[in-house]
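Beneath this line is the structure, given in structure tokens, with notes to follow.
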Amino acid sequence: MEIKDEINLQNAFDDNIYKLLRNKFGIIGESKKMLEVINRVALAAPTDLPVLITGETGTGKEVFANAIHGLSNRKKFPFISVNCGAIPETLLESELFGNEKGAFTGAIEQRKGFFEVADKGTIFLDEIGEMPIGTQVKLLRVLESGEFTRLGSTTLKKVDVRIIAATNRDLETEIEKGNFRRDLFFRLNSVHITLPPLREHPEDIKDLVNYFAEKTCAKLGLKYDGISNDALLILERRPWTGNIRELKNLIETLVTLEQATFISQDILKRYIPLALPPKDIAPQPADKALVQYVDYEEPQKFELEIIFRSLLELKHDITNMFKYLRTLENKIDDIGLEIEELNTYLISNNDLNKADTDKKIDFNLLKLDELEKRAIIEALKSSSGNRRIAANLLGISERTLYRKINELNINNDL
């Protein structure tokens, strides 16, 4: 049996139900997509039909499963939530259906499974796509007859349990791969509820922000005053890969750490990247052009801020580099002038040196090591001791500079 698409979903919608879903279960949304989901929940809840909830991670699958149970005739009985992906494959069957003492190594006593605990209530099987094929067979039997056997027993047990399953996988694709039973899929899919990702209904973000912020402020003893239009615009443009869960965590963290009763753009920028995500552009067919054409998208305000900041930092680095180069150039010029003065002195005193054979030239002044040592000392002084910059100024590698400093014993002269 299925709920037919021809049913007018709006007929099932009731303001009281919406208020109950909001206040008790935290289901927020007045967009067209969310109203369709809420109406489908209102139709499915009073029945005992199995429900399959699909959607991306963070869209609130367990929240809706809990709401379906809370609106059903089983609400006074247990609601058991089981994450099939979090339980090892070897233990999942025992956790769901129970086991007898000695059924396997470590089974030291008889134990009831989740299905027995949830009798007359609802069991929520999250990540149903992770369930092993062998366990799927026993689950199908429970769906069809309500019967199962504990692990290690041949005695039939019978329970009255409604099953709600959820997954972020495409089960039809898993069926084609042989990972999921087709007959089980048809049984679970009596009522199929697809939760839209947050990026497909951004008009609900304001209500979600207000709801999460009000709850957090209430816990902190604060009075929530709202969110600015600029801050809301930023949130509406984000991709929200983590969907509602990601938004909830952001708002709770922001309000708690900032003690913020009003969410402004400045506060929001401290917790999210400034640059907005790029627009998704479909690749151009190869037979249309040799080079793919990409539409130009005008940079957003925050993107321009990042560009300007990067340019200013680059300008600052270039200015410092020119400063060091000019200083080194002046030092080299000074050394050149000293060499010229020395040459002039040698030439002018050549005759005197010839006449006075007892006088000798101090050739230490002409040693390359001394000139090299002086150049290195001046470069280090110009770069405030930064050896990497000094090496660049001298046109040698930093490794060579280190070797020269040790060879010429320059450290003692600084």
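For the reader, a short list of remarks on this structure follows.
- The peptide list 94-100, 162-168, 44-50, 104-110, put in order of mean Cβ contacts within 10 Å with the highest first, becomes 162-168, 94-100, 44-50, 104-110.
- ³J(HN,Hα), Karplus 6.51/-1.76/1.60, whole Hz, each residue of segment 96-108, x for Gly, Pro: 6, 10, x, 8, 8, 4, x, 5, 7, 4, x, 7, 8
- On the basis of the beta-carbon distance and an R0 of 35 Å, ASN23 and ASP230 show a calculated FRET efficiency of 0.75.
- Restricting the calculation to Cα atoms, segment 200-269 yields a radius of gyration followed by a Dmax of 11.1, 34 Å.
- In sequence order, segment 59-75 has phi-based couplings of 7, x, 4, 5, 4, 6, 4, 5, 5, 4, 5, x, 9, 9, 6, 9, 4 Hz under the Karplus curve 6.51 cos²θ - 1.76 cosθ + 1.60, θ = phi - 60°, and Gly or Pro positions carry x.
- For segment 12-80, applying the loop criterion from DSSP together with a ceiling of 14 other beta carbons within 10 Å to the GluC sites (Glu not before Pro) yields GLU30.
- Modelled this way, with points 7 Å down the Cα-to-C-beta line, the labels at ARG182 and ILE318 are 6.7 nm from one another.
- Backbone phi angles across segment 131-139, fed through the Karplus curve with coefficients 6.51, -1.76 and 1.60 (θ = phi - 60°), yield HN-Hα couplings of 6, x, 4, x, 6, 4, 4, 5, 5 Hz in residue order; Gly and Pro are listed as x.
Just so you know, all these numbers are worked out from the coordinates, no wet-lab data involved. All values reported here derive from a predicted model rather than from experimental measurement. Every residue, glycine among them, receives a Cβ derived from its backbone with ideal geometry; neighbour counts consider all protein chains shown.
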